[in-house]
Amino acid sequence: MSTHRLVASIAFAAAATFTVHGATAASLGYGNFLGEFSGNPLLEWKVEDALTPAPFTTLDLHYLGGWSKYLEIGEPDFLVNATAYGKKIGGEWDYDGFATWTEAIGTPGQDNTQMFLAMQYDHVYSVFHYPHVAPGDEGLFSTSATATGAPLSTASNGKPYGLNYLVAYWAETPAPVPVPPAIVLLISGIAALFGVARRKRGTTPDAMTATA
């Protein structure tokens, strides 16, 4: 772990003591599955590269916190309470945010943010995205494809892998908002109408001259 991350992690842990729950807490479920990748999700640039080019082309991840079998630090708080075949495969997280003074050292404070949760198991990791997370919100995580509905790697006979560790990131860039197809068609139609009107305006003087 780098010195910067260690200092940030200590500050995050200290700040958690001063946080409060938001008034509009929500249960966010398992989030949006973004893919399964190889490599080390403890390196934010690795996760950024894995999630680009689309739709996160301007993604800039910042470390929030994490969980392993030996240590938990930062946010959110992880409760690993789901097991299968004697392995820890999932649980729930609770996000409290951070004391506002920690924004200067790189936290979202008590502001709403988007969270990227990387779960490392076997030789791969998967990333789940929670576009809007507020202090007090909670969610779920699991390596079970049956639970999440995502195409996660499984051991023989479809058994879920046990968790090795979890790491959470936040991003300042607003979550991409997909444009509904109907809106795209409407905009295209309006643009086409303007094009037709412009062509008509451009040809009218020539037609009048020819008539004269």
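Of the residues that make up segment 65-82, is at least one in a strand (DSSP E or B), hydrophobic (A, V, I, L, M, F, W, C) and free of Cβ contacts under 8 Å to residues at least 24 places away in the same chain? Checking segment 65-82: at least one residue is in a strand (DSSP E or B), hydrophobic (A, V, I, L, M, F, W, C) and free of Cβ contacts under 8 Å to residues at least 24 places away in the same chain. For segment 83-121, the candidate set comprises residues that are of a type in the set (Val, Ile, Thr) and open to solvent by 30 Å² or more (accessible area, probe 1.4 Å); within that set, the residue that is nearest to Gly139 (Cα to Cα) is Thr83. For segment 151-166, residues that are open to solvent by 10 Å² or more (accessible area, probe 1.4 Å) and touching a residue at least 40 places away in the same chain (Cβ under 8 Å) total 9.
No other residue among Thr107, Thr113, Thr143, Thr100 is free of Cβ contacts under 8 Å to residues at least 40 places away in the same chain and either closer than 17 Å to Tyr30 by Cβ or among the polar types (S, T, N, Q) (or both) apart from Thr100. Comparison of Thr173, Thr146 shows that the only residue that is over 19 Å from the mean Cα position of the chain (by Cα), surrounded by 10 or more Cβ atoms within 10 Å (Cβ to Cβ) and modelled with pLDDT of 55 or more is Thr146.
Residue check: Gln120 meets all listed conditions (1) touching a strand residue (DSSP E or B) at 6+ places or on another chain (Cβ under 7 Å); (2) in a loop (DSSP other than H, G, I, E, B) but one, namely (2).
The values are calculated or read from the model by the stated rules, or taken from the named source; none is laboratory data. These figures come from a predicted structure and were not determined experimentally. Reconstructed Cβ throughout: ideal geometry from the backbone, glycine too, with neighbour counts over all protein chains shown. The area values use the complete protein model at the heavy-atom level, side chains included, leaving out ligands, DNA and RNA. Shrake-Rupley method; radii C 1.70, N 1.55, O 1.52, S 1.80 Å.
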